[in-house]
Amino acid sequence: MSTNALARVAYREAGRATICEILYGPNVLKHAVIDPVNGDGEVVTFSGLPLPIDCRPPAGRRRGEQVGVVPEKLVDAHGVFAYAGIAAERLALRRGRFAGADLEVELAWGRWAGAARRGREELARIAKLLGLSRPVEEFYAAYCEEAERLLDPVWSTVEELAEALVERRELKGHHVDRMVHGEDVLERPAPPI
């Protein structure tokens, strides 16, 4: 795998990991990994349907109290998370991180339809679980644009994560939590026995 190709995979997964931290907070990400042999990677959460921070009950609410989670918010957060890899790669392209890239061709939305397949499938699965429609064949540029907007101000963190992924190939969730939120972030408490 070429250096550029490996860097693209690392930026994609670093972007997904960063958006996971932004939308869902610490202690949600299980791990981020890249595979230089197969040229792919993944970001895995502890839950298949993590609850976005803005859907959680405010401080002081008791457990079991209804909070009015809106299914559209869950799906939209997952859409941004699913498209965050593309957003990170597009931002890296704009910043000149890949040698020999033709920006006019690379940044055209049509070029990303194939790359978004996995994100579209994840998004359709989550939407179906919640009784909403997000067709697998549709490319959602708005989710990608929102991910770009969220990643832009924290770009140095994305770069740090991408470099760490290239070097180590895998980052555990607590490592990412600390890189994004700082050293004082609480680790996931041990499950009761």
Handout entry: Coil-residue GluC sites (Glu not before Pro) of segment 81-150, DSSP, other Cβ within 10 Å capped at 14
Key = Glu137, Glu138
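Quote to one decimal, in nm, the extra length available between Lys73 and Glu104 on full extension: 0.36 nm per residue of separation minus the C-alpha distance between them. Show your work: numbers first, answer last.
On the way: separation 31, 0.36 × 31 = 11.16 nm, distance 3.29 nm.
Full-extension gain reported as 7.9 nm.
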Problem - Label corresponding to Cα extents along the principal axes in Å when calculated from the structure given, among [x] 162, 34, 23; [y] 56, 39, 36; [z] 55, 38, 29 - result: [z]
Practice task
Would you mind checking the tilt of helix 117-129 against the longest principal axis of the Cα atoms of the chain, expressed as 0 to 90 degrees and rounded to 10?
Solution key: 20 degrees
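What number, rounded to the nearest 500 deg cm²/dmol, is the helix-based mean residue ellipticity at 222 nm of the chain, given -39500 (n - 2.57) per DSSP H run of at least four residues and division by all its residues?
Estimated from H runs of four or more residues: -16000 deg cm²/dmol.
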Practice task
Sequence neighbours fewer than 8 away in the same chain don't count; with that in mind, list the lysines whose C-alpha is under 20 Å from Lys128.
Solution key: Lys73
Exercise for the section: Compare the Cα positions of Ala82, Ala14, Phe98 along the charge dipole of the chain (+1 at Cβ of Lys, Arg; -1 at Cβ of Asp, Glu; about the Cα centre) and return the one farthest towards the positive end. Expected result: Ala82
Fill in the blank from the handout: Relative contact order in percent for segment 70-126 (Cα pairs under 8 Å, 6+ apart) equals 51 percent
Exercise for the section: May I ask for the angle, rounded to the nearest 10°, between helix 141-151 and the longest principal axis of the chain, with both axes built from Cα atoms and the value confined to 0 to 90°? Expected result: 80 degrees
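Just so you know, all these numbers are worked out from the coordinates, no wet-lab data involved. These numbers come from a predicted model, not from an experiment. Ideal geometry is used to build each Cβ from the backbone, glycine not excepted, and the neighbour counts take in all protein chains shown.
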